[in-house]
Amino acid sequence: QIVATGICRSDDHVVTGGLVMPFPIILGHEAAGVVESVGEGVTSIKPGDKVIPLFVPQCGECSSCLSPKGNLCSKNDIGSGAGLMPDGTTRFTCKGKAIHHFIGTSTFTEYTVVHESAVAKIDAAAPLEKVCLIGCGFSTGYGAAVQTAKVEPGSTCAVFGLGGVGLSVVMGCKAAGASRIIAVDINSDKFAKAKELGATDCVNPKDFKKPIHEVLIEMTGCGVDYSFEVIGRIETMTAALSCCQYNYGVSVMVGVPPAAQKIAFDPMLLFTGRTWKGSVFGGWKSKDSVPKLVSDYMKKKFVLDPLITHRLPFTKINEGFDLLRTGK
């Protein structure tokens, strides 16, 4: 049973065609709930457990699960977009017609069915309407900074995009001890919260006549140590790469890339030594890490309240999407 679910831009990407999935489909992938029942052979969870569904599963057997370097389990449905359970079937029907799953979770529903490798049992005392954010937005952003980039104390960072995930990157950079965190967004309404969570500078590209990467290089002298693209636009991905230090800078793609678009860039940007990498679910091994992140939240190691802007009943989900699309 889904108790609380967040709205993520990735869900909207499916609606607009930026992320191609088969229809009809039940979207949603950032949630928390209570186990209603389990199928045969399920041993790690039982009815009554509080859980978070995992859009990146952890089978424990594939090359990524076995490697300390990876977290993108081969059983994931992000790349294939099949809209099915791992066994090739779906567990949803409406009037006899099959409805597709969304990245193994489908949380915009009162009840969902997930594979055992795609759910994590969490602290029974955790407030589900808050820790649901650990199912995607918070973990994705925070982990991109502390896990994927491994930001060090004293470093400089730039974060492109200040939605819930971008703000979580800011929190991760601050937790890692970055001395300067430059927040970049074309919506200046986002700046107050970014500063509250650790941004030292806020920059609106619309305020400048020159390209934003040039602005950031001027602000820092030689570019930032770490940059993060948390929007999912190829123009900002290239700008994020260009603004990091020419030799040892690291740029991380966090936003879902748009379908059917290709990036053209000057290879000299990489030849000089920069690192360009992607991060799915913040690099966390999901089944292992989600319970730990929930317990860290319970120990007040990080906050989630600033990431929650509205609370709506499920019947008003479309109003929630309207708020997302208008940057509210």
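The values are calculated or read from the model by the stated rules, or taken from the named source; none is laboratory data. What you are looking at is a predicted structure, and each value in this text was computed from that prediction instead of being measured. Neighbour counts are summed over all protein chains in view; Cβ atoms, including those assigned to glycine, are modelled from backbone coordinates with ideal geometry. Just the protein is used for accessible areas: all its heavy atoms, side chains included, with ligands, DNA and RNA removed. Shrake-Rupley method; radii C 1.70, N 1.55, O 1.52, S 1.80 Å.
Side notes on the structure shown:
- In the condition set (1) touching a residue at least 12 places away in the same chain (Cβ under 8 Å); (2) under 22 Å from the mean Cα position of the chain (by Cα); (3) surrounded by fewer than 18 Cβ atoms within 10 Å (Cβ to Cβ); (4) in a helix (DSSP H, G or I), G282 is compliant with all but (3).
- Single residue of region 287-324 satisfying the filter (within 18 Å of the chain's Cα centre (by Cα) and either of a type in the set (A, V, I, L, M) or not assigned by the TED database to the domain that holds A31 (or both)) that is most open to solvent (accessible area, probe 1.4 Å): V303
- Of V290, V252, all but one fail to be touching a Lys or Arg at 6+ places or on another chain (Cβ under 8 Å), in contact (Cβ under 8 Å) with a residue 40 or more places away in the chain and under 16 Å from V146 (Cβ atoms); the exception is V252.
This table checks each residue for (1) over 29 Å from K292 (Cβ atoms); (2) assigned by the TED database to the domain that holds S295; (3) modelled with pLDDT under 95.
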site: V20; (1), (2), (3): yes, yes, yes
site: I26; (1), (2), (3): no, yes, no
site: G48; (1), (2), (3): no, yes, no
site: P53; (1), (2), (3): no, yes, no
site: C59; (1), (2), (3): no, yes, no
site: S63; (1), (2), (3): no, yes, no
site: G88; (1), (2), (3): yes, yes, yes
site: R91; (1), (2), (3): no, yes, yes
site: H101; (1), (2), (3): no, yes, no
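- Residue match in region 224-244 (condition: within 22 Å of V151 (Cβ to Cβ), surrounded by fewer than 17 Cβ atoms within 10 Å (Cβ to Cβ) and touching a residue at least 12 places away in the same chain (Cβ under 8 Å)): no
- Scanning region 133-166 for residues that are open to solvent by 10 Å² or more (accessible area, probe 1.4 Å) and more than 21 Å from A240 (Cβ to Cβ) turns up L133, P153.
- Filter result (touching an Asp or Glu at 6+ places or on another chain (Cβ under 8 Å) and farther than 27 Å from V3 by Cβ) within region 153-177: S155, T156, C157, F160, G161, L162, A176, G177
- Residue ID - farthest from L307 (Cα to Cα), chosen from residues in region 1-33 that are outside any loop (DSSP other than H, G, I, E, B), open to solvent by 40 Å² or more (accessible area, probe 1.4 Å) and touching a strand residue (DSSP E or B) at 6+ places or on another chain (Cβ under 7 Å): V3
- Checking the stated criteria, S251 turns out to be in contact with a Ser or Thr (Cβ under 6 Å, 6 or more places away or on another chain), modelled with pLDDT of 95 or more and open to solvent by less than 50 Å² (accessible area, probe 1.4 Å).
- Counting only residues that are under 12 Å from P53 (Cβ atoms), assigned to a strand (DSSP E or B) and small (G, A, S), region 78-134 holds 1 of them.
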